[in-house]
Amino acid sequence: MSILVDFNNVSQRVSDFESPAYQERYSSSPLIRGIAYLLVSVQWEGTANILSDAFVPDVDDAVSFQATLERIGYQCETIKYDSTHHLLNHSEICFVQIEKLCSLFLGSNNGKIVLFDYVNNTTFEIDADKTPCTAISISEYSKLFREPPPESQDKSNWIKYSFYRYNSELKSLIILSFVISVLGALQPFFIMSVYNFALTSSSEATLYWLTLFAIIVAFSEYTFKKLRVKIISTSGKDLAIHISKNVVSKLLWLPYSMTSTAGVSSQLARLKDIDNFRRLVTAESTLSYFDMPFVIVFIIAIAIMSGTAALVVFAGLLLMLVFCVYSRYQYTQATSKSSRANAMVSYQWNEILRGIRTIQGLPLLRVIQSRFRACHYQSSEDAERVAVTNSKVQAAGGGLIQVIGTASIVVAVIGVMDGTSDAGAMLATVILVWKALGPIMGIYNSISKFQSLKASAAQINNLMSLSDDKLTLHKSPPIREFDGLITGSGISHRYQGATIGLTNLGFKIQPGSKTVLSGASGSGKTTLLNILSGMEERYQGAVYIDGYNIKQFNSFRFRKSICHIPFDLHIFDGSIESNFIFHNGLMPQNIMQEWLSFFDLDSWFPEGLATTISIDSVQSLPNSVQQKLRLALGLGALEQKVFIIDEPFCGSESENSHYFKKLFSDKLMTKTVVFSSNDTSLISTSSFSLVLEPDGNSKYFGLTDKYLASLG
């Protein structure tokens with residue numbers, strides 16, 4: 001059997017996708033079959049299982065088709081033709097929509113268009129005519145490189161390029177902000193005109209015309225503001241979702257070796273960074289940033305009515321700019337000190353938790369008090385200093401804005417008193433002054449956010465520039481199916497600071513055999529299983545499966561090709577069915593139900609697959625039930641040929657060992673199974689045993705019968 005995908009063997013590839021295990025999936029979402037045939041034609045290296053998980057359902061098949069291909073790394077091109085005659089010149093297999101007909105275009109035959117009806121799994125021909133149609137195909141660049149175009153590959157500025165996706169919306173916001181500023185500047189001229197024309201002439205007609213003009217301007221300003229808010233609420237929301245989805249996806253695609261050592265706080269910090277940008281791009285206060293450049297419109301309007309007042313406003317703006325720079329410096333200094341104190345608190349917690357064994361002989365309360373009293377006091381003091389600094393800056397800035405506004409108004413009043421201006425111009429100037437200061441106040445009030453936004457952008461850019469499993473997915477040798485020959489050569493492993501660990505292990509596990517790992521607690525059984533499953537990459541030596549070094553394969557692709565059931569298999573809040581799907585992808589319900597019945601779990605979950613479970617509810621069950629549920633969820637659809645199980649039935653081995661005997665004689669009979677246990681009832685179900693010394697050296701590898709005989 002071929003271990004790797006043979007792209008030249010098209011019939012084999014098609015048969016892989018037409019496996020009986022996926023017929024139920026195809027019947028509920030027939031478009032998957034059409035996408036599968038397209039991917040076979042472009043020599044996609046993935047499997048039916050990966051495609052099933054990646055499928056994006058939608059009421060519109062065209063949207064679903066494009067979204068699914070983009071999820072697995074392809075970029076699509078959409079072409080709208082005014083007639084189906086153009087399809088005769090189309091050389092690539094693609095998705096076509098002709099009126100309400102959705103199908104896969106396969107080519108042409110004697111002037112007829114050959115289509116694949118993925119719903120009924122059949123091909124048919126139609127005549128080319130003048131009916132408009134839409135064709136969606138994979139771009140040529142994407143076929144070759146399986147990555148976005150080069151302009152978005154500068155991951156060090158990923159946030160910047162994310163905003164570039166909305167260039168048209170940004171331009172619209174700028175234009176609308178300019179128009180709104182102009183309309184806002186016209187409003188005060190109405191008041192001046194009432195004084196200068198309507199009152200002096202005592203003409204009601206003039207007043208009505210001026211009022212009509214003011215109403216039109218006000219309504220226009222309201223309409224444009226509403227349009228601007230709509231843009232920020234729709235495109236801003238879309239941008240927030242884009243950033244959130246990509247950052248979370250990046251975290252999920254990072255190699256296990258990177259995330260397994262990361263603290264929960266550092267991972268939650270990335271979610272906080274996402275939230276900072278979500279609030280930035282969806283908040284109406286963000287519009288102040290677009291209004292700021294057009295303060296010049298109000299200054300020009302003020303200059304028309306009172307040049308001296310305009311100079312005062314302009315000078316005040318310059319003074320405000322200097323103050324903003326200074327206040328930001330002061331705020332940065334205060335927050336940096338607080339950050340250092342908070343970091344020291346975290347450091348002390350880490351030291352305590354890491355060295356808990358070494359300080360057990362000391363009075364722990366006194367140790368904690370002595371270590372934390374100083375840094376907590378400093379942290380609280382610095383936090384108070386930050387709050388005081390911020391309040392002082394806000395108060396000083398608000399006062400400065402009041403001074404600028406008052407000074408401008410006083411200058412306008414003096415102009416009226418000197419006769420160089422009239423009362424109407426003075427009132428208009430007062431309104432314009434506060435309109436000019438409005439955007440500045442909005443931006444100034446958010447000055448404390450600048451530093452956090454800058455830090456969040458830097459953290460997200462650093463995260464997005466990391467190499468992950470998704471980026472290397474298409475570069476990995478494409479795995480079709482393993483036979484199950486596992487070979488270990490010179491495997492050694494040490495955790496940081498440890499003096500003992502796995503040492504120069506060598507073994508050869510035959511396909512279809514059942515091998516148990518035994519040894520004292522801490523001898524390295526779980527570590528070895530993690531190495532075999534590709535979870536732990538920091539080791540010396542080599543692990544081969546069917547002659548291939550597992551480090552040749554992309555981590556995600558390798559783990560999808562085997563079944564690894566860890567000791568702490570996570571339980572998600574939801575139904576048992578959803579937990580099956582989370583751990584295995586979509587699979588037939590009858591297989592899920594078979595596992596519940598096989599492990600005699602029906603009585604514990606009376607609602608069957610619809611039973612809602614959580615970590616707490618499962619932990620309240622007897623240990624035997626917990627272990628059986630873990631195995632049921634982990635084994636899934638049994639699509640793989642290699643199964644790695646850590647401590648099956650831990651704590652309830654003797655009463656549940658008969659399940660393993662049934663599995664090994666039926667469902668797992670032809671599978672390669674490696675599991676860990678020290679219980680003789682479970683060890684006896686295996687054919688081979690690999691026994692480890694307490695220090696991680698190999699003690700015995702051979703037939704289980706001989707090992708059990710040595711135990712007496």
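The values are calculated or read from the model by the stated rules, or taken from the named source; none is laboratory data. Since the structure is predicted, the reported quantities are computational estimates derived from the model, not experimental observations. Note that each Cβ is placed from the backbone with ideal geometry, even for glycine, and that neighbours are counted across all protein chains shown. Each accessible area value is taken on the protein alone, full model and side chains, heavy atoms only, with ligands, DNA and RNA left out. Shrake-Rupley method; radii C 1.70, N 1.55, O 1.52, S 1.80 Å.
A few comments on the model shown:
- Difference of contour (0.36 nm per residue) and Cα-Cα distance, Asp127 to Ser108: 5.9 nm
- Within the accessible area of region 471-533 (1.4 Å probe), percent carbon and sulfur: 50 percent
- Surface accessible to a 1.4 Å probe, Arg13 within the full protein complex, Å²: 10 Å²
- Rounded to whole numbers, the Karplus 3J(HN,Hα) couplings from phi for region 647-659 are 6, x, 6, 4, x, 9, 5, 4, 7, 10, 4, 5, 5 Hz, using 6.51 cos²θ - 1.76 cosθ + 1.60 with θ = phi - 60°, and x at Gly and Pro.
- Fraction of accessible area attributable to carbon and sulfur, region 2-141 (%, probe 1.4 Å): 49 percent
- Close amide-amide hydrogen proximity is noted between Ile613 and Gly574, Ser575, Ile576, each under 5 Å apart and 5 or more residues distant or on a separate chain (H modeled in the peptide plane; Pro and chain starts excluded).
- Label positions at Gln510 and Gln552, each projected 7 Å from the Cα along the C-beta direction, are separated by 2.4 nm.
- For the residue pairs Lys560/Lys667; Lys250/Lys475; Lys80/Lys470; Lys237/Lys475; Lys160/Lys245, alpha carbon separations beyond 24 Å are given by Lys80/Lys470; Lys237/Lys475.
- Largest accessible area first, the residues Leu51, Leu703, Leu170 order themselves as Leu703, Leu170, Leu51 under a 1.4 Å probe with ligands, DNA and RNA left out.
- Based on protein heavy atoms only, region 2-141 ends up with 47 Å² per residue of surface accessible to a 1.4 Å probe.
- Estimated FRET transfer efficiency (Ile79, Met258; beta-carbon r; R0 35 Å; 0.05): 0.30
- Contour minus Cα-Cα distance for Leu170 and Glu607 (0.36 nm per residue): 152.1 nm
- Potential extension, Val322-Ser492 segment - 0.36 nm per residue separation minus Cα distance: 55.1 nm
- Charged neighbours of Ser220, selected by a Cβ distance under 14 Å, balance to +2 (K, R count +1; D, E count -1).
- Segments 622-631, 229-238 sorted - mean Cβ within 10 Å per residue, highest first: 622-631, 229-238
- Each of the peptides 79-89, 637-647 was scored by the mean count of other Cβ atoms within 10 Å over its residues; in descending order, highest first, they stand as 637-647, 79-89.
- Residue-normalised accessible area of region 486-711, expressed per residue, 1.4 Å probe, Å²: 42 Å²
- Set of aspartates and glutamates with alpha-carbon distance to Lys551 below 19 Å, sequence-local pairs under 8 removed: Glu45, Asp468, Asp469, Glu481, Asp483, Glu536, Glu537
- Note on Ser578: accessible area is roughly 30 Å² with a 1.4 Å probe, heavy atoms of protein only.
- Of all aspartates and glutamates in the structure, those lying under 16 Å Cα to Cα from Lys662, and not within fewer than 8 positions of it along the same chain, are Glu594, Asp600, Glu653.
- Take the Cα of Asp705, step 7 Å toward its Cβ, do the same at Asp573, and the gap between the two points is 5.3 nm.
- Of all lysines in the structure, those lying under 16 Å Cα to Cα from Lys112, and not within fewer than 8 positions of it along the same chain, are Lys130.
- Site pair Glu537 and Arg279 shows an inter-label distance of 3.5 nm when each label is modelled 7 Å from Cα along Cα→Cβ.
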